[in-house]
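Read the figures in this text as sums done on the coordinates, not as results from a lab. The structure presented is a predicted model; accordingly, all values stated were derived computationally and were not measured. Note that we place each Cβ from the backbone using ideal geometry, even for glycine, and neighbour counts take in every protein chain shown.
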Amino acid sequence: MLRTPAAVQDAERYTAHNYHPLPVVISSAEGVWLTDVDGRRYLDCLAGYSALNFGHRHPALIAAAHAQLDKLTLTSRAFIHDQFADFCRELAALCGKDLVLPMNTGAEAVETGIKVARKWGYQVKGVPAGQANIVVAEGNFHGRTTTIVSFSTDEDARADFGPYTPGFRIVPYGDLAALAGAIDEHTVAVLLEPIQGEQGVVVPPEGYLPGVRQLCTERNVLFIADEIQSGLGRTGTTFACEQEGVVPDMYLLGKALGGGIVPVSAVAADADVLGVLKPGQHGSTFGGNPLACAVATEVVRLLATGEFQRRSAELGERLHTGLRGLIGKGLVAVRGRGLWAGLDIDPALMSGREACERLMERGVLAKDTHGSTIRLAPPLVITEEEIDHAVTQLAAVLAG
């Protein structure tokens, strides 16, 4: 008797319905392959929204976690532990920044970035108390806290969670003129995703990110890059901003930083920015804990080799070539960089959800967003043959 139906039913019965997962129940995984409770294998083409860039149970990351579990898992930031300095130093070097502030989830990194930008604005830029504003983009996805959904344009994320936090200005993504018009003397930061993931892997127009950098420099405004999904090798470079030679004032990192084992996030910036924080003004009991630091340090060391960035760039070419071959055969558009793609399915053919359900039946797991769009973001350890397999299965789904 199959175990999946009962397991799905139990999950639905005892869980708040804040997600709409595919009806698959995973029990084990290795590399890019998942196995469900009935023993069926699936190719993972989502990678935990980029949290699993290095695949499931990467041996170096698992070894680091096992070794640390036998020694120390938590001290709180009331004390310093022996994994902390290595993590902060090596991540700061990877980012080319002076300082790192470790947190846990991506949303916490975004909240931290907002707080730091406001404090920088008051203490360094001289913005009058309570007047700071931050410019963001339409279609953004930075998390789901009360403050973050206050500047979301996705009604599913925002509706019925007010009253909303003030202090944000929303402009069209990719529109430099609109951005310039929104910045005033009280603007402390521009907060953007270099590629909008949840919106459907939307890549901005060429020259947009350099233009944002120039505007922020000229107007004495911090450029905050949310690289939580786009960073750490996903697009073929360590950070998506590198694709256009841009260095932001602040990186927001998460997801892949925890190696798919523990939640780890971080803010990286120079001392003139992160240095505005003083003891007692911000913190997290679990932020930068020994287990998280041990795993994340190994993640940084994997990235320092450049291997995963190269894999993403080279294999991404193969993925996008295969996907572009399906335009006019059920796909109407393909976007993305590296091993990250947003696919618009002809809405007359099927919805994104239907496509993902049919892919699941063929042993490939992906995720839909915004109607007829699906996202592909396989672990960076995927092979050429596995990429070809995923594209072949998608072609079969589109062909009906």
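Side notes on the structure shown:
- With respect to the chain, whose longest principal axis is taken over its alpha-carbon atoms, helix 106-120 is tilted by about 20°.
- Two-site FRET efficiency, A348 against A16, from Cβ-Cβ distance with R₀ of 41 Å, rounded to 0.05: 0.75
- Scattering from region 72-304 was approximated by placing one identical point on each alpha carbon and applying the Debye formula without solvent; log10 I(q)/I(0) at 0.07, 0.17 1/Å stands at -0.21, -1.29.
- Between E206 and F161, the modelled labels are 3.7 nm apart [label points 7 Å from Cα along Cα→Cβ].
- The Rg/Rh ratio of the chain, with Rg taken over Cα atoms and Rh as the Kirkwood radius over Cα pairs, comes to 0.96.
- Evaluated at q = 0.18, 0.23, 0.25, 0.31 Å⁻¹, a Debye calculation over the C-alpha positions of region 226-270 (equal weights, vacuum) places log10 I(q)/I(0) at -0.49, -0.76, -0.87, -1.14.
- For a straight C-alpha distance cut-off of 20 angstrom, the lysines reachable from K278 (same-chain residues fewer than eight places away being disregarded) are K97, K115, K119, K125.
- Ordering of 289-297, 48-56, 314-322 by burial proxy (mean other Cβ atoms within 10 Å per residue, highest first): 289-297, 48-56, 314-322
- Volume per residue of the convex hull around the Cα atoms, evaluated for region 207-294, comes out as 105 Å³.
- Folded to 0 to 90 degrees: helix 352-361 orientation relative to the chain principal axis, Cα: 50 degrees
- Degrees, to the nearest 10: 4-14 long Cα axis against longest axis of the chain: 30 degrees
- Karplus-derived HN-Hα couplings along region 141-149 (A = 6.51, B = -1.76, C = 1.60, θ = phi - 60°), whole Hz, x at Gly and Pro: 9, 10, x, 9, 6, 4, 5, 5, 5
- Short-range pairs are left out: with C-alpha atoms under 8 Å and at least six residues apart, the relative contact order of region 72-304 is 31 percent.
- Ascending count of other beta-carbon atoms within 10 Å, so fewest first, for H66, H58, H370, H142: H66, H370, H58, H142
- In region 8-147, the convex hull through the Cα atoms has an average projected area of 13.3 nm², a quarter of its surface area.
- Peptides ranked, highest mean first, by Cβ atoms within 10 Å: ranges 29-37, 6-14, 195-203: 195-203, 29-37, 6-14
- Simple label model, 7 Å out from Cα along Cβ direction - R219 to R301, nm: 4.3 nm
- Anisotropy class of region 326-374 from Cα gyration tensor, a/c 1.5 cut: oblate
- For the peptides 336-346, 225-235, the ranking by packing is 225-235, 336-346, with the highest mean count of neighbouring Cβ atoms within 10 Å listed first.
- Relative contact order computed over the chain (Cα-Cα under 8 Å; 6+ residues apart), in percent: 22 percent
- Contour excess over end-to-end distance, with Cα ends at A177 and K125 and 0.36 nm allotted per residue: 16.4 nm
- Shape category assigned to region 251-400 from the gyration tensor of Cα positions, a/c cut at 1.5: prolate
- Listed residues R301, R375, R118, most fluctuating in the chain (Gaussian network, C-alpha, under 10 Å): R301
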